[in-house]
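The values are calculated or read from the model by the stated rules, or taken from the named source; none is laboratory data. The structure displayed is predicted, hence computed values, not measured ones. Cβ placement follows ideal geometry from the backbone for every residue including glycine, while neighbour counts extend to all protein chains displayed. Surface areas here come from the heavy atoms of the whole protein model, side chains and all, with no ligands, DNA or RNA. Shrake-Rupley method; radii C 1.70, N 1.55, O 1.52, S 1.80 Å.
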Amino acid sequence: KSKPHAFESSSMLCKKKLYIGALFPMSGGWPGGQACLPAAQMALDLVNKRTDILPDYELELIYYDSMCDPGEATKLLYDLLYTEPIKIVLMPGCSSVSTLVAEAARMWNLIVLSYGSSSPALSNRQRFPTFFRTHPSATLHNPTRVQLFQKWKWTKIATIQQTTEVFTSTLDDLEQRVKEAGIEISVRQSFLTDPAVAVKNLKRQDARIIVGLFYETEARKVFCEVYKEKLYGKKYVWFLIGWYADNWFKIKDPSINCTVEQMTEAVEGHVTTEIVMLNPETVRGASNLTSQEFLAQLMSKLGGKNPEETGGFQEAPLAYDAVWALALALNKTVGPLKAKGRRLEDFNYNNKDITAEIYRALNTSSFEGVSGHVVFDAQGSRMAWTLIEQLQGGSYKKIGYFDMTKANLSWYGNDRWIGSGPPADQTVVIQKFRYLSQKLFVSVSVFAGLGILMGIVCLTFNIYNSNVRYIQNSQPYLNNMTAVGCMMALAAVFPLGIDGLHVRNSQFPVVCQFRLWLLGLGFSLAYGSMFTKIWWVHTVFTKKDEKKDKRKHLEPWKLYATVGALLVIDILSLMIWQIVDPLHITVEKFTKEAPKGDLDQLIEPLLQHCSSEKMNTWLGVVYGYKGLLLLLGIFLAYETKSVSTEKINDHRAVGMAIYNVSVLCMITAPVTMILSSKQDASFAFASLAIIFSVYITLVVLFVPKFLIPPHVFSRQKEERVSELRNQLSERQALRSRKRPTSSNQNHSSPSLPAPQNDPKSLLPPPGYPLPASDNHSLPPTFSNSSTLYQPDGKINRNNCHPGRLQLLYK
């Protein structure tokens, strides 16, 4: 059992003594009594010498060594309470001991004034109704930490704590404060004695900004593991408690297997938040000492001990001011107690009135001490500034102060980092959009442009020669639709290659619409017109009575109506799609990639897509409908491959084009869906499929018409003019026979007049060109006469039969 110690100042012996029961930890987790006890004794000596403070009383300190152990403190508290003399106030140190003493003191009506307890749990008036402390609560560090997190733009932190109440409650308070500030605690680790597993978990979960809450002895264990796990350097920042000894990481500790050099390397650059325990200003307070004069006297009393190796040296001003706060509060109660007929020496453990007066006096304390301005909040905790330091080159440097009461951060700007600045709170992820290769886009666009020019040439040729029978027999209006559709499909290549590099996000949905409509309508016109041709050939020439159907007159409006129906179906389906589920931008995210070089960054590739909520459903409907048309087109082309007809003389070329287009489309559609995440490959495959389909279609349909020799067109014109001349001659002959004859003519059957060789009879009617000219096309009024006169039954002057005259006349 520890023996009690008594400290009595050299004051007049006639004064009445007031006893203070104290517990000073001289060893253990926080050996703060080594410096705090001498500081308290210095304060007692000065107080007892003052004639204006408790002139009739003398304060005497009775203290034990609690070893910062609650179990040991329990026995010592029993001795203090049940051993004479009666103690008017208790002064414990170390949070775990103070918690025990403060909770029990209410049963003896004792005021508890702590000089070295930082546990936030002690800021609970219901549990500790008579507790005060000159050491601010550990939660006072948290507003400072949050302020630094915000200053350095950190939104993600990690914590590691020793499992004791003081650190648990501090961390609970920190968690609440960072949540209010929009900061996330991503990792929360704890340990009892061995921090190895906790440190490994921090490393595994990529913790960067780490708040450590543990005592000094455990701090050495933690940073030995930190060195082993390489959890230090330019990517990491550690926040520690500032009340460790300045050389805590250099002290040899048998419980760790790291050298001083390794420990020094591991702790470099860490930041501490420490309650300002020494007044930075040169002012004389209640004790009539400046802070520097106090330190000089304390060093003298310590007998030359190294302050860095003396436990509690930083908290010594708090112990000094605790004695002064108590003395001033007791002095303040003398008058009120005297008015009630009471005296301080009348105090006993059952006297609540004297306790209430002491409580009231402490609660209103306000004076300048060597630790700064001393004032208590509603929970009895000291309100103070926070000092921010950083370990630079093996020694602590002041980098700022924070005044919680005013939320004011005073910054020196001398913080130093291993890298170029404060590290990121996590691996910096840089989002980078993937864009289409501009070389590929330009190359494909050139081919698409050339294809559009080719389509214009084909369309112009077809329109210019629309009165030529060979062109007429190929249904030129359907071919014109094919050429227009091909040009629209080629025009879709340009919006297919436009992405976020060229337009803003707000304009991108318009580009998506152009892609869809140009490609959809282009396909309907180009493929629909070819499909109509091959469908009509199959319908007419695959009947059982083939000869009868061959003589069937071709009605062009039915062909145009078929193309129009296909076009209307596409327009309606696209309109419904865009009204019900319009296209919009979606962003695809890819696996993060590490850039080259020693950069704490990851690149997250992004890719923009045109999409809608039910994109797959719409594509399924469109692809299904188009796919059936393609398959049906292939079937019809195969069925009509041996058919020969002059009414659609290029149906074999149409069938060839359908084969190629169908195969390319059916391959391209699924492949582009698979390659949608590879913008270059997807664009190249889709655009080249469009270009090849169009080129093949234009070449197969139109180039053979370009290659027809000029004399074919001339011969066709001559035959046509000759046919018309014969028809006119025959009409003239009929008119002459219908004229009234002379009276001597009988009513016998008329005979045909003899052929006449008069050149005038061979001339065309007035207003028509001479037959000798091959450079003039026929008038439009005779463009369809071929349907009336077939090549196998021409009527001319040489083979005219009387039976055909009436038909010709009609």
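Contact annotation: residue pairs with Cβ atoms under 7 Å, 6 or more positions apart or on different chains, pairing a residue in segment 258-276 that is assigned by the TED database to the domain that holds Glu229 and free of Cβ contacts under 8 Å to residues at least 60 places away in the same chain with a partner that is in a helix (DSSP H, G or I) and open to solvent by less than 10 Å² (accessible area, probe 1.4 Å), are Cys258/Cys224; Met263/Phe223; Met263/Cys224; Met263/Phe249; Ala266/Phe223; Ala266/Val226. Out of everything in segment 603-630 that is surrounded by fewer than 19 Cβ atoms within 10 Å (Cβ to Cβ) and touching a Phe, Trp or Tyr at 6+ places or on another chain (Cβ under 6 Å), what residue ends up being farthest from Leu559 (Cα to Cα)? Looking at residues that are surrounded by fewer than 19 Cβ atoms within 10 Å (Cβ to Cβ) and touching a Phe, Trp or Tyr at 6+ places or on another chain (Cβ under 6 Å), I get Pro605.
Residues in segment 376-396 that are surrounded by 15 or more Cβ atoms within 10 Å (Cβ to Cβ) and of a type in the set (A, V, I, L, M): Met383, Ala384, Leu387, Ile388, Leu391. When you scan segment 51-58, do you find a residue that is under 24 Å from Ser118 (Cα atoms), open to solvent by 10 Å² or more (accessible area, probe 1.4 Å) and either among the small types (Gly, Ala, Ser) or touching a strand residue (DSSP E or B) at 6+ places or on another chain (Cβ under 6 Å) (or both), even just one? Checking segment 51-58: not a single residue is under 24 Å from Ser118 (Cα atoms), open to solvent by 10 Å² or more (accessible area, probe 1.4 Å) and either among the small types (Gly, Ala, Ser) or touching a strand residue (DSSP E or B) at 6+ places or on another chain (Cβ under 6 Å) (or both). The set of residues in segment 397-425 that are open to solvent by 70 Å² or more (accessible area, probe 1.4 Å) and either of a type in the set (A, V, I, L, M) or closer than 30 Å to Leu607 by Cα (or both) comprises Met404, Ile418. Restricting attention to segment 511-539, the residues that are among the polar types (S, T, N, Q), in contact with an Asp or Glu (Cβ under 9 Å, 6 or more places away or on another chain) and open to solvent by less than 40 Å² (accessible area, probe 1.4 Å) total 1. Across segment 82-119, the qualifying residues are those that are more than 23 Å from Ala361 (Cα to Cα) and not in a loop (DSSP other than H, G, I, E, B), and the one among them that is most open to solvent (accessible area, probe 1.4 Å) is Tyr82.
I'm checking my understanding of the structure. Among residues of segment 631-675 that are in a helix (DSSP H, G or I) and polar (S, T, N, Q), which one is least open to solvent (accessible area, probe 1.4 Å)?
Within segment 631-675, the match that is least open to solvent (accessible area, probe 1.4 Å) is Ser662.
Report yes if some residue within segment 275-296 is part of a helix (DSSP H, G or I), surrounded by fewer than 15 Cβ atoms within 10 Å (Cβ to Cβ) and in contact with a Lys or Arg (Cβ under 9 Å, 6 or more places away or on another chain); otherwise report no. Scanning segment 275-296 turns up at least one residue that is part of a helix (DSSP H, G or I), surrounded by fewer than 15 Cβ atoms within 10 Å (Cβ to Cβ) and in contact with a Lys or Arg (Cβ under 9 Å, 6 or more places away or on another chain). Every condition in (1) open to solvent by 50 Å² or more (accessible area, probe 1.4 Å); (2) among the basic types (Lys, Arg); (3) over 37 Å from the mean Cα position of the chain (by Cα) is met by Arg220 except one, and the failing one is (1). Taken over segment 229-256, the criterion of being out of contact with any Lys or Arg (no Cβ under 9 Å at 6 or more places or on another chain) and touching a residue at least 24 places away in the same chain (Cβ under 8 Å) is satisfied by Tyr232, Gly233, Lys234, Trp238, Leu240, Ile241, Gly242, Trp243, Tyr244, Ala245, Asp246, Asn247. Taken over segment 181-198, residues that are open to solvent by less than 40 Å² (accessible area, probe 1.4 Å) and more than 20 Å from Trp154 (Cβ to Cβ) amount to 4. Scan segment 134-165 for residues that are part of a loop (DSSP other than H, G, I, E, B) and over 17 Å from Ser410 (Cβ atoms) and the total you get is 9. Hey, can you tell me all the residues within segment 646-664 that are in contact with a Leu (Cβ under 9 Å, 6 or more places away or on another chain) and in contact (Cβ under 8 Å) with a residue 60 or more places away in the chain? Scanning segment 646-664 gives Lys647, Ile648, Asp650, Val654, Gly655, Ala657, Ile658, Val661.
Annotation note: Cβ proximity below 8 Å between a residue of segment 486-497 that is assigned by the TED database to the domain that holds Ser524 and a residue that is outside any helix (DSSP H, G or I) (sequence gap 6+ or interchain) occurs for Gly497/Leu436. Here Lys332 meets each of (1) of a type outside the set (Phe, Trp, Tyr); (2) without any contact (Cβ under 8 Å) to a residue 40 or more places away in the chain; (3) more than 25 Å from Val375 (Cβ to Cβ); (4) touching a helix residue (DSSP H, G or I) at 6+ places or on another chain (Cβ under 7 Å) with one exception, condition (3). Restricting attention to segment 476-502, the residues that are at pLDDT 90 or above, within 20 Å of Leu559 (Cβ to Cβ) and aliphatic (A, V, I, L, M) add up to 4.
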